[in-house]
Amino acid sequence: MRELLEQLSQLAIKLFILTWYSPLTNSPTPKLHQPFIRHINTIITTSKLSCQTNTNTIINLLLLQLPLTINRHLEYIQTIQALTTTEQHDFNTLFIQLHPHPALIKTTTTTTTVTVSPSYLRLLIEAILKILLPKNDYDSEPERLIIRETILNLLLLPLFTTLSQPAQIHRLLLSNLSPPNHPAPSPPLPQDSHKHANPGFFFLLRPFGDLINSLGLLLLHLPPLLGAFILLLSAPPPIPLNHSLLNNTHLFLPLLDLTFTLLGKPGHLGQLFWLLKIVVRLFHRLLLKIVVRVLYDHLLSPSATTKHLQAVLALLHSLDQSPAATSSPSSSSSEEEEAGRTRREETWTDDESQAKVEELLASYLSRPLFTLLNPPAPLLSNDMDQQEEEEEEEEEELIKRRFVRLALARTVNSSVANQALLLELLDLFSVALFPQIIEPTPPPSSSPASSSPPPIIH
C-alpha cells in the first residue's frame, strides 16, 4: 500500500509539478531530488493527508447524502425542462438564472457561456489546505499559492471542463461498459407450424413464454444467490456500525427516490416503489448489514483500496506522455488493443458517440424489464405473420432507443447541469471529509469564562 502511495505521489509530481517547475531551474540535481520537490513529496505523503473520516461517515455519505444530492439535481433538471416547452426559453439560460450555486457564472459576449468561478474554487482549496498543511507551510504565502494554483489550474478546472461535456461522458460509458450477454434466441418455428397454428393464440402465449424464460433464468441463479445471502447474514459486519446508522429507518429511501427519478417517474410504478419503501423501512437493519458487507468488499477493504489505487496509477500512467512511459516493454497485446479501441472512440463525432451509447444502454433492457418500465399499447388484432413480428421487434428496438435518449436528456446531456452537479458533489465530499471547513473558528481570546452563555434575565 505504501509503495503504491509513493508511486502515486511521484507520478502526480511529475505530471502536475515538474511540467511548470522544470523550466524554472537549472540545477544539475535530478528534478525529483531537488529540495523543493522533496518538500512537496513530504507534504503529499504526510499522514495528515489521510482521509479524516471514519467508515460510518463514508456509508452515510454513499447511502444517504449522495443519492439525496443527485436526486435533487435530477428533479431540478426535469423542472427546468418542463419550463422550456417553447423555443423562447433556453434550458441553459433558465438553469443558470434559477440555480442557486454561487460558483456558476454566466459571461455574455457574442454567445452566452457558463463557467465555474475560479475564485470559489480557490477559497475551497484554501480552506482544505488550512486543515491539511503543516502550519509553517500554510503560513508561507508563496508555497500556499503554488500548491493552490497547481490544484486549481492543473487538476480541478481541467476536470470540470472534461467531465461536464456530454460527449466525454458518452465516451466514458462506451469505454467502461461492455455489451450484455443475452441468451441465444430460440430457433424460429418451421413454416408448416405457422400454417397450421393459430397466430392469435401463438401471440397470446408469447408474453407467458418470456415470463417463464425469465423465471427459469432466475431459478438457475437462485442457489448461489441464496448461499451468498445466508453467508452475509451469518457473518458479523466487517465494520462496527454506530447507532445513528442502525436506527435510521430512512437510510435507503433516497436510493429508491433516485431510482424512481432515473426511470422518469412512471406513474404505473408509483405504488410499487411505495411498497418497496415500506419493505426497506421494515428490514433496514438486514439491508444495512448486506450493503455494508458489499461496500467493504468492493470499496473499503485493503484489497479493494489497493485495486483502486492501481486503477488511479494506471490512469496517471496513461496521461504521462514521456518516452519512458510510452515505450515500456511490459505493454501486452491486450493493452495495445485497448489503446486502439480508445483511439477509435476518440475519433467518433459527438452524434456518433451518443448514438452508440443509446444502442449500448438499450441492449441492457431485456424485453420483460422494458415491458415493466414502458407497458405497450393494447393491440387491436392478435393475427400477426412472421414479417409483422419482425417489424414489431424493430419498432420495439426504436422505442427502447427513444426511452434511453429521453433518460440521457434528463440526466447528463447538458454541460451546464453537469457543471452544477460536479460543484454540488465537490461541496458534499469536501464537507463530509473535512467538516472543519464549516465549523466556526473561535476568536483567539476565547476562554471558558468568556464562552459561557450569558445569564438569563427575568
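Structural remarks
- Residue-wise HN-Hα coupling along the range 92-101, computed from phi with Karplus coefficients 6.51, -1.76, 1.60 (Hz; x: Gly, Pro): 5, 5, 5, 5, 6, 6, 9, 6, x, 5
- Inter-part distance where the range 100-145 and the range 65-82 are each reduced to a Cα centre, Å: 25 Å
Coordinate-derived values only; no laboratory data. Since we're looking at a predicted model, the values are computed, not measured.
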